Amino acid sequence: MAGILKVAELKEIRNLGILAHVDAGKTTLTENMLLLSGRIKSAGNVNKGTSISDGMTVEKQRGISVRASILTFDWKGVQINLIDTPGHVDFSAEVERSLRILDCAVLVLSAVEGIQAQTEPIWDALEALDIPVILFINKIDRAGANLDALLGSIRRALSQDLILLNRPINEGEPGATTAELDQVGDDSLIEMVAEHQDALMEKYLNGEEILPDEIERAITQSVATRSLFPVLMGVAKNNIGTRELLDRIVGYFPDGRGDADGDVSGVVFRIDHDEKLGRVAGVRLYSGQILARDSVINTTQDREEKITQVKRRALDRYVDLEVLTAGDIGYLCGMPAVRIGDVLGDPGPVPQGYVLSDPLLSVQVIPEDVSELTRLSDALQMLSSEDPHLDFRWFAEEQELNVRITGVVQTEILSEILAQRFGLGASFGDPTVIYKETPAGTGFGSERYTMPKPCWSVVKYLIEPGERGSGISYSSKVSTTSVLLKYQNEIEQAIPDALKQGIKGWEVTDLKITFVEGEDHVLHSRPGNWKLATNIAILKGLTETDTTLLEPILAFRIAASEEHMGRITSDISSMRGTFEPLEMGEGYVVLTGRIPLATSMDYPVRLSSLTGGKAKMTLSFSAYEECPEGEGVAREYKGICPLDRSKYILKMRGAITESGR
């Protein structure tokens, strides 16, 4: 069949992530890899909107990556599934989802800007997931490039275990290029490699000859175990260093293939909507094989899925794939209800995900034409299925559409996507900090839902504060003779939903809930009774305990000249921030500390104005902490509140609906 790619053609696989802070040059590097591999005839240009990996209209117009792109090509007989991820912090959710499916990664840094806001969070994630990394230092031709200083900062902030594989020539000049280092003649390099290989160290200490192949094998083994991190330099826009990088990707990184004869095990890491194919699920398969017309178990949703087509993404289109096999990445059709994060088959081989940062801001989406409210809601629901971090919520009674965002740039992109893809005009309200609630004390919440028949659900919960960052803990002390197991399962599933809004209007977290008393009825109890009763009882309990507001706290790092530090430390203090003693850098001073998001949302702009754009500020989420007395924002419960018991029961029984839907 024309267009079918056969697994038999594949030898080894590298599921490779290209990661970086925005504008470090990773998309240009990706274009060069496609060009050298023969996958494309000419490299696209990010600034001209012609790059292959930036396929969305908004990406081409803006010159930034919004969604991760999966591009497949061969290099020296090895299949590389390259995942080009967004670099802008507002789209870190795409990076987060991509991390789960990687076997190896290239971290791209600019020779001038060096370590930036996204660099360290990405590095921490790669470390936590034990993913081997090669560092590529780009833009060595730019004025201000200082490789010695950059390598020093990398060693301080990321790792001491760097092994340089090439060096710059004419650094900081337009004609800059690179030269390979002589591994055999470099004693310091050999010593560093030998430190991680006992047999090699013994030969080195004995003065025996060490062959190039021995060094290469030792580096390969050390890269796989994250004992060493190779560093290559280049100029992506001039295609300098790309070929050497590809050779190292194939030579140093481990094979990603799994057990093709094992049970099916995979994870859904993205959802796309295609005009012809409909809902398409991007899947990384860790074990087994999947063919068209196969049935697989969606373990997360406990349902059977019938696969209608198996595809691979070939540049700007889908092509048929005969079989998706262990270690590979493909696209499956025929799963209308599948969600990002769903595990297909055996969950054992599937790695846990990694959270870079949950969105900390909420915005209202306002239609230009109120008659398009329903269409706008449907569009946001579709976009939320593609990016669950948006967490779209429709509050019908208030006629409000809300999404969660990481930053203001994300609203600009969403506005353009709604216009281009759905033909909808929309604006966004001012971002609101997302607070959370936690019980201020211990109390009980109960509900006796026995009228009007048929219904019967009697529940009582003990609610206690939990440790900060512990989330939700639920347990039951009620026997299955008092409340059947199937009803207790319904209660457990209902708890997270019951906590989406507390008595101050925010999600409730860091608490322990214990089911201490309950009663069902052999004739009158029904499924659905327990969700209703639980929602009412939990809110009653939180009213008894009262709640404390929690606010998001950011960790910051500011590098600026010493002359500005007096004003900066004064600003931080006025914003309820705290900071550590100043650290001296080369020609600048570094201030680190923590600051509430609520007081600092516009500070990067103000800092730039204060210092004439010369200060460098990086921010990352640290934790949710208690708001001081008088701080924080409570809000009204959105929708029909469970504490309005009679009206809420009517809604849950379908006797009334929240207006507008």
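The values are calculated or read from the model by the stated rules, or taken from the named source; none is laboratory data. Because the structure is predicted, anything quoted here is derived from the model rather than measured. Ideal geometry is used to build each Cβ from the backbone, glycine not excepted, and the neighbour counts take in all protein chains shown.
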GLY207 within 24 Å of VAL106 (Cα to Cα) and of a type in the set (Gly, Ala, Ser): no
Quick one: which of THR578, THR592, THR569, THR514 is within 30 Å of LYS460 (Cβ to Cβ) and either modelled with pLDDT under 95 or out of contact with any His (no Cβ under 6 Å at 6 or more places or on another chain) (or both)? THR514
Suppose we keep only residues that are of a type in the set (A, V, I, L, M, F, W, C) and out of contact with any strand residue (DSSP E or B) (no Cβ under 7 Å at 6 or more places or on another chain) within region 396-423. Which one would you say is nearest to LYS540 (Cα to Cα)? ALA396
Of the residues that sit in region 359-381 and are among the aliphatic types (A, V, I, L, M), farther than 14 Å from SER415 by Cα and surrounded by 15 or more Cβ atoms within 10 Å (Cβ to Cβ), which one is farthest from the chain's Cα centre (by Cα)? LEU373
Residue pairs, Cβ under 7 Å, 6 or more apart or interchain, first in region 563-585 and more than 22 Å from ALA598 (Cα to Cα), second β-branched (Val, Ile, Thr) and part of a helix (DSSP H, G or I). List them. HIS564/THR611
From ILE595, ILE568, ILE640, which residue is surrounded by 18 or more Cβ atoms within 10 Å (Cβ to Cβ) and either aromatic (Phe, Trp, Tyr) or in a helix (DSSP H, G or I) (or both)? ILE568
Take the conditions under 21 Å from GLU625 (Cβ atoms), small (Gly, Ala, Ser) and within 31 Å of the chain's Cα centre (by Cα) and apply them to GLY577. Does it pass? yes
Lone unmet requirement of (1) without any contact (Cβ under 8 Å) to a residue 60 or more places away in the chain; (2) farther than 30 Å from GLN501 by Cβ for ARG557: (1)
Considering region 476-503 alone, what residues qualify as being outside any helix (DSSP H, G or I) and over 20 Å from ILE463 (Cα atoms)? THR480, THR481, SER482, LEU484
So how many residues does region 580-614 have that are among the aromatic types (Phe, Trp, Tyr) and under 25 Å from THR432 (Cα atoms)? 1
Just to confirm my filter: which strands (runs of 3 or more DSSP E) fall fully inside region 292-402 and include at least 3 residues that are within 21 Å of THR432 (Cβ to Cβ) and outside the structural domain of CYS104 (by TED's automatic domain parsing)? 361-367, 393-395
Taking region 512-562, which residues are in a strand (DSSP E or B) and under 19 Å from GLN488 (Cβ atoms)? LYS512, ILE513, THR514, PHE515, VAL516, GLU517, GLY518, GLU519
Restricting to region 157-177, give me the number of residues that are touching an Asp or Glu at 6+ places or on another chain (Cβ under 6 Å) and assigned to a loop (DSSP other than H, G, I, E, B). 2
Among ARG421, ARG448, which is out of contact with any Asp or Glu (no Cβ under 8 Å at 6 or more places or on another chain) and farther than 25 Å from PRO388 by Cα? ARG448
Being touching a Cys at 6+ places or on another chain (Cβ under 7 Å) and surrounded by fewer than 21 Cβ atoms within 10 Å (Cβ to Cβ), is that true of even one residue in region 309-328? yes
In region 149-187, which residue that is among the acidic types (Asp, Glu) and at pLDDT 90 or above is surrounded by the most Cβ atoms within 10 Å (Cβ to Cβ)? GLU171
Which ones in region 256-291 are in a loop (DSSP other than H, G, I, E, B) and surrounded by 14 or more Cβ atoms within 10 Å (Cβ to Cβ)? GLY256, ARG257, GLY258, ALA260, GLY262, VAL264, LEU277, GLY288
Looking at region 431-475 only, could you name the residues that are of a type in the set (Phe, Trp, Tyr) and either part of a loop (DSSP other than H, G, I, E, B) or under 30 Å from GLU412 (Cα atoms) (or both)? TYR435, TRP456
Quick one: is TRP506 in contact (Cβ under 8 Å) with a residue 24 or more places away in the chain and either in a helix (DSSP H, G or I) or outside the structural domain of LYS460 (by TED's automatic domain parsing) (or both)? no
